[in-house]
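Inspection log for the structure reproduced underneath, given as structure tokens.
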Amino acid sequence: MRSDETIETVVPLYRKIYLDIKKQIQNNELKPEQKLPSEQYLCQKYNVSRITVRKALKLLTEERLVVTVQGKGSYVNAKKMIGKLDQIQGFSEFALSLDKKSETNILKREIIKNADIARKLMLPDDADLIYIKRLSEIEKTPLGIDEAWLSAERFPDLLVNINSDSSLYEYLEQKYHELPANSYREISTSLPTAKQTSLLKLDKVIPLFEVNKTVYNQFDQPLEFSHYVVRGDEMTYIINSNVDGKFRLNNEK
């Protein structure tokens, strides 16, 4: 029997335990939301002290691979959904790509005027805009809130024909033969407002991804401007390294 202080390799014992459990999670031997063995069991399995086990669990928690519930133990964290910033997908297409059941609820739809957004769509300042606000859910979990603006003159029957089961991009393609071909996005993080907390049914304060997106059609004309927020505990965004990106501080112009 060896003590925790015995050095067999340059890798500390707590890190070896961390790497072993991490590998089990990545190989799906330990499944999402499955409870980990107790600290006492892990101490016996790895022949280490409770302090060493807790250091390993701390690393797993910091990487969000494991969540610890006081009085109940540690659990494998539910897998996050991955959104690709270099792809243009509506919410329904995104959920379909994950083979998950989705639902979209329209919270508001109306004709408005907004000079700033009209300019983003290369329209006159006083142009009529279609405004649609939607709440998106995957597997009954509220995931994000989406606000979209489009030209009312260009898409005259969109407001009355779009519904909770409709894919916006699919409708624009079928009805108007306009395809989303390119997009420009700005992504940041924020804390939820009281209204967002209520809509997303958050039981604690979690960071949100906040995205402003302009979508262009096959003729490089602005098709849609949208602003959406997504739960940071449910989503990870990735971008292809071959796609150029720019980073700027919030106070930069």
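Being in contact with a strand residue (DSSP E or B) (Cβ under 7 Å, 6 or more places away or on another chain) and free of Cβ contacts under 8 Å to residues at least 40 places away in the same chain narrows it down to one of ILE112, ILE162, ILE145, so name that one. Give the derivation first.
On the way: ILE162 fails: free of Cβ contacts under 8 Å to residues at least 40 places away in the same chain; ILE145 fails: free of Cβ contacts under 8 Å to residues at least 40 places away in the same chain.
ILE112 is the lone residue from the list that is in contact with a strand residue (DSSP E or B) (Cβ under 7 Å, 6 or more places away or on another chain) and free of Cβ contacts under 8 Å to residues at least 40 places away in the same chain.
Looking at the range 141-156 only, could you name the residues that are closer than 19 Å to SER102 by Cβ and either among the β-branched types (Val, Ile, Thr) or part of a loop (DSSP other than H, G, I, E, B) (or both)?
We begin by selecting, within the range 141-156, every residue closer than 19 Å to SER102 by Cβ; these are 141-148.
If the condition is that a residue be closer than 19 Å to SER102 by Cβ and either among the β-branched types (Val, Ile, Thr) or part of a loop (DSSP other than H, G, I, E, B) (or both), then THR141, ILE145 are the ones that fit.
Kindly indicate the residue of the range 153-193 that is of a type in the set (A, V, I, L, M, F, W, C) and within 18 Å of VAL230 (Cβ to Cβ) and also surrounded by the most Cβ atoms within 10 Å (Cβ to Cβ) among those meeting that condition.
First, the residues of the range 153-193 that are of a type in the set (A, V, I, L, M, F, W, C): 155, 158-160, 162, 168, 172, 179, 181, 187, 191.
Going one step further and asking which of them are within 18 Å of VAL230 (Cβ to Cβ), we end up with 168, 187, 191.
On the way: LEU168: 25, ILE187: 15, LEU191: 12.
Ranking the qualifying residues of the range 153-193, first place goes to LEU168.
Of all residues in the range 25-43, count the ones that are modelled with pLDDT of 90 or more, assigned to a helix (DSSP H, G or I) and surrounded by 12 or more Cβ atoms within 10 Å (Cβ to Cβ).
Summing the residues that are modelled with pLDDT of 90 or more, assigned to a helix (DSSP H, G or I) and surrounded by 12 or more Cβ atoms within 10 Å (Cβ to Cβ) in the range 25-43 gives 3.
Which numbered condition trips up ASN212, out of (1) touching a residue at least 12 places away in the same chain (Cβ under 8 Å); (2) in contact with a Pro (Cβ under 8 Å, 6 or more places away or on another chain)?
(2)
Output the residues belonging to the range 67-106 that are modelled with pLDDT under 65 and among the β-branched types (Val, Ile, Thr).
ILE82, ILE88
Could you check, for the range 135-142, whether at least one of its residues is under 16 Å from LYS201 (Cα atoms), of a type in the set (Lys, Arg), surrounded by fewer than 14 Cβ atoms within 10 Å (Cβ to Cβ) and within 27 Å of the chain's Cα centre (by Cα)? Before you say what the answer is, go through the steps one by one.
Within the range 135-142, the subset under 16 Å from LYS201 (Cα atoms) is 135-142.
Applying the additional criterion that residues be of a type in the set (Lys, Arg) yields 140.
Now narrow it down to the ones that are surrounded by fewer than 14 Cβ atoms within 10 Å (Cβ to Cβ): 140.
In the following step, the residues that additionally are within 27 Å of the chain's Cα centre (by Cα) were identified as 140.
Yes: the range 135-142 contains one or more residues that are under 16 Å from LYS201 (Cα atoms), of a type in the set (Lys, Arg), surrounded by fewer than 14 Cβ atoms within 10 Å (Cβ to Cβ) and within 27 Å of the chain's Cα centre (by Cα).
The values are calculated or read from the model by the stated rules, or taken from the named source; none is laboratory data. None of these values were measured; they are calculated from a predicted model. All Cβ positions, glycine included, derive from the backbone under ideal geometry; neighbour counts span all protein chains shown.
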